[in-house]
Amino acid sequence: MYEEARKRYASYGIDTEKAIETLRNIPISINCWQGDDVIGFEKGAGALTGGIQTTGSYPGRARNAEELMADFSLAISIIPGRKRLNLHASYLITERETGRDTIEPEDFAPWVDYAKRHGLGLDFNPTFFSHPMVKENLTVSSPEKEVREFWIRHGIQSRKVAKYFADELGTHSVCNFWIPDGFKDTPADRLSPRLRLRDALDRIYDGRLEGVVDSLESKVFGIGVESFTVGSSEFYLGYAASHKDKGLCLLLDAGHYHPTEYISEKLSALLCTFDKVPLHVSRPVRWDSDHVIRLDDELREIAKEIVACNAIDRVLIGLDFFDASINRIAAWVIGTRNMQKALLIALLSPYRQMADMQDSYDYTGLLALSEELKALPWSEVWDEYLAREGVKGGIDWLDDVRAYESEVLMKRC
Ligand code: RNT
Ligand code: ZN
């Protein structure tokens, strides 16, 4: 079957072997927070705030680091290719009495050991939500100095953790800031909170850290903060672009724009200015709902842009979804494998030839070819790839997840 597929692609000038080799080396950063509904391991952790929500009560949520690691290990054994793990500050593993503003790299040492054991890179996110020091939905843009200072310290300490990850693991670490500050209703003063956010960022980013990719994630609105987001797209685009010399860049989350805007369309725009473009690939349904990503048109278009822009090394693919209504390990596997399927489909397309058609105004040929490509047997190439990686193809992997579910997950209460 694969031989037939290989020949078919070759007739379009596409080398399936090269596509497989490239795919194997594209790292995907998988979000740890799908495993436990964004709760984390802090004492007293519970309510999720910041305008995001997990819905559903599927049994078996990981309740501690040991369980989360065990669950994640099963997931990555079913996911081919290179993987990274994306952590939040709230996932610290420590005996030390510490607060968000006093976290230290050592509080994440067990994650570094885990990453080394499994050949993973680590990315990091400060956690500006689910905490009593979030006052009226505000952190660094609060009118209260004490609140601002607390969260500025959290930002500064978080970058140290990312630096530690980069140093220990010999691969970059994305340190992504998503700050959910906003207002439920129309504010009287939009400028002051934004100036306070700007000043906080000036304090947090006081020098480049080798190996750390510092990124800022904007958002359009959140639940309970519907009317105003301090860190909007324009705010962060302007800030990141004007602090490019400090290594700052903008992260694109697929769920953080108006419903007719797509991040696939924005990638090439950012690549004109920024060296690196980190992503949170997510799936918004009616709002920023963070559904598990499907192999839908937008996912395919995101992958197409990464490949067609020749930006595999510049776009840092991270996932951001959290569905509590289905088996969480299956969610990781389905979402990550979909990202990889979309990349494979993109790698199996003759973009040079298509760009030439565009440049010679052959829009008819371009439409005809791109529609024909959809019917080519990419799934044969996918199955071959999984077989070579020693990973189960088809739906067979689900048996392993179901067995683990009855043996392990169902015993958690
Ligand atoms: C929320 C943002 C943010 C979070 C994670 C948990 O809308 O997308 O990235 O999902 O940091
Ligand atoms: Zn995100």
- prompt: Which ones in region 309-344 are without any contact (Cβ under 8 Å) to a residue 60 or more places away in the chain, within 27 Å of A355 (Cα to Cα) and open to solvent by 20 Å² or more (accessible area, probe 1.4 Å)?
  reply: C309, N310, D313, R314, K341
message: Scan region 264-272 and tell me whether some residue there is in contact (Cβ under 8 Å) with a residue 12 or more places away in the chain and farther than 26 Å from S370 by Cβ.
response: no
- prompt: In region 190-220, which residues are open to solvent by 70 Å² or more (accessible area, probe 1.4 Å) and part of a loop (DSSP other than H, G, I, E, B)?
  reply: R190, D206, R208, E210
query: Going by the conditions given, is D36 touching a residue at least 60 places away in the same chain (Cβ under 8 Å), within 16 Å of ligand 1 (Cβ to nearest atom) and either closer than 24 Å to V277 by Cα or open to solvent by less than 50 Å² (accessible area, probe 1.4 Å) (or both)?
result: yes
Selection status of K83, more than 16 Å from ligand 1 (Cβ to nearest atom), at pLDDT below 95 and of a type in the set (D, E, K, R): no
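Looking at region 225-248, which of its residues are of a type outside the set (S, T, N, Q) and surrounded by 20 or more Cβ atoms within 10 Å (Cβ to Cβ)?
Those that are of a type outside the set (S, T, N, Q) and surrounded by 20 or more Cβ atoms within 10 Å (Cβ to Cβ): V225, V230, G231, Y236, Y239, A240, L248.
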- prompt: Would region 92-103 turn up any residue that is at pLDDT 95 or above, touching an Asp or Glu at 6+ places or on another chain (Cβ under 8 Å), under 24 Å from Y404 (Cβ atoms) and not acidic (D, E)?
  reply: yes
- prompt: From R159, R198, which residue is within 25 Å of K83 (Cα to Cα), touching a residue at least 24 places away in the same chain (Cβ under 8 Å) and among the charged types (D, E, K, R)?
  reply: R159
statement: Flagged pairs (Cβ under 7 angstrom, 6 or more apart or on separate chains; first in region 43-65, more than 12 Å from S130 (Cβ to Cβ); second of a type in the set (A, V, I, L, M) and assigned to a loop (DSSP other than H, G, I, E, B)) are T55/A324; G56/A324; S57/A324; Y58/A324; Y58/I326; A65/I93
query: For region 297-308, does any single residue satisfy the condition of being within 16 Å of ligand 2 (Cβ to nearest atom), hydrophobic (A, V, I, L, M, F, W, C) and open to solvent by 10 Å² or more (accessible area, probe 1.4 Å)?
result: no
message: Cβ-Cβ distance below 7 Å, separation of 6 or more or different chains: which pairs start in region 111-138 with a residue that is open to solvent by less than 30 Å² (accessible area, probe 1.4 Å) and end on one that is charged (D, E, K, R)?
response: V112/E168; L120/K83; L120/R84; G121/R84; L122/R84; D123/R84; T127/R100; L138/D181
- prompt: Can you name the condition, by its number, that Y257 falls short on among (1) open to solvent by 20 Å² or more (accessible area, probe 1.4 Å); (2) over 29 Å from G13 (Cα atoms); (3) outside any loop (DSSP other than H, G, I, E, B)?
  reply: (3)
V174, sole failed condition from (1) more than 16 Å from ligand 2 (Cβ to nearest atom); (2) open to solvent by less than 50 Å² (accessible area, probe 1.4 Å); (3) of a type in the set (A, V, I, L, M); (4) within 24 Å of L248 (Cβ to Cβ): (1)
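For the condition at pLDDT 95 or above, within 16 Å of ligand 2 (Cβ to nearest atom) and among the aromatic types (F, W, Y), what is the one hit in F108, F128?
Of the residues listed, the single one that is at pLDDT 95 or above, within 16 Å of ligand 2 (Cβ to nearest atom) and among the aromatic types (F, W, Y) is F128.
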query: For region 178-189, which residues satisfy the criterion of being under 21 Å from the mean Cα position of the chain (by Cα) and either free of Cβ contacts under 8 Å to residues at least 24 places away in the same chain or open to solvent by 10 Å² or more (accessible area, probe 1.4 Å) (or both)?
result: W178, P180
- prompt: If we scan region 391-408, do we find a residue that is within 20 Å of A19 (Cβ to Cβ) and touching a residue at least 12 places away in the same chain (Cβ under 8 Å)?
  reply: yes
task: Name every residue in region 263-298 that is small (G, A, S), under 17 Å from the mean Cα position of the chain (by Cα) and in a helix (DSSP H, G or I), in order of residue number.
output: S264
- request: Taking the options V281, V277, name whichever one is open to solvent by less than 60 Å² (accessible area, probe 1.4 Å), touching a Cys at 6+ places or on another chain (Cβ under 7 Å) and within 16 Å of ligand 2 (Cβ to nearest atom).
  value: V277
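The values are calculated or read from the model by the stated rules, or taken from the named source; none is laboratory data. No experiment lies behind these values; they were computed from the predicted model shown. A quick note on method: Cβ atoms are made from the backbone with ideal geometry, for glycine too, and the neighbour counts reach across all protein chains shown. With ligands, DNA and RNA removed, areas are computed over all heavy atoms of the protein, side chains included. Shrake-Rupley method; radii C 1.70, N 1.55, O 1.52, S 1.80 Å.
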